[in-house]
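A quick write-up on the structure given underneath.
The values are calculated or read from the model by the stated rules, or taken from the named source; none is laboratory data. Please read these numbers as outputs of a predicted model, since none were measured by experiment. Cβ coordinates were reconstructed from backbone atoms using ideal geometry, including for glycine residues, and neighbour counts include every protein chain displayed. Accessible surface is based on the protein model in full, side chains and every heavy atom, while ligands, DNA and RNA are left aside. Shrake-Rupley method; radii C 1.70, N 1.55, O 1.52, S 1.80 Å.
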Amino acid sequence: IANIVSNLPTHESLGKSFESFKKEILTKFEEIVNAQNKRIEELESTIVIQNNVIEKLKIDTDMNQQYSRRSSLRILGVQVPEGDGKEDINSVIKECYKKLDIPFSNDNIDHTHRIGKSYVDKYTGIKVKSIIVKYNSWEARKTFYKGRPRYFKNKEKPPFHVTVNLTDRRYQLLQKTK
């Protein structure tokens, strides 16, 4: 029994072994944590770079989209026809030109279509929907835009409103500046 007991580790030797084991584990743990922290920093810097690239691409995309819309105008507040919804938008555009006393030519217009959801105009109470008009030439677009209605006689509300065709991003920027 004395031989067996003498070979057993003592309280002191167990304590030393435990301290040695604890130091070894803590050292390895610190190495792992430091390696993970370094990796996290690398990934965070990569995310920042990628976010900057994404933001630049958003701006470039917006610029390209706006450039493609440069020859388009948006006409707001034009009544939606009752019934089956079939309409000749070119005849609606002709009426807009007639109200402005501007000569109309089909050759000036590339294409037209309704866009967005229809809504009830708060001033007139009629159901309206926007129209996009894409012009073949800058001159034709400029003529209609400069002749757009602002106010009619006696400061009454114009029958429709004409705006440039902005991208969502630019429209939001315009609203913020207003």
**Item:** Test: Phe29 is hydrophobic (A, V, I, L, M, F, W, C), open to solvent by 90 Å² or more (accessible area, probe 1.4 Å) and modelled with pLDDT under 85
**Value:** no
**Asked** Take the residues of region 156-178 that are under 19 Å from His113 (Cα atoms) and polar (S, T, N, Q): which is farthest from the chain's Cα centre (by Cα)?
**Response** Thr163
**Message:** Filter region 114-173 down to the residues that are over 13 Å from Ile93 (Cβ atoms), among the aliphatic types (A, V, I, L, M) and out of contact with any Asp or Glu (no Cβ under 7 Å at 6 or more places or on another chain) and list them by number.
**Reply:** Ile115, Val120, Ile126, Val164, Leu166, Leu173
**Asked** Among the residues of region 119-178 satisfying the criterion of being of a type in the set (Lys, Arg) and open to solvent by less than 60 Å² (accessible area, probe 1.4 Å), which is nearest to Lys98 (Cα to Cα)?
**Response** Arg148
**Complete:** Filtering region 92-111 down to residues that are surrounded by 10 or more Cβ atoms within 10 Å (Cβ to Cβ) and under 19 Å from Pro159 (Cα atoms) yields Val92, Ile93, Lys94, Glu95, Cys96, Tyr97, Lys98, Lys99, Leu100, Ile102, Phe104
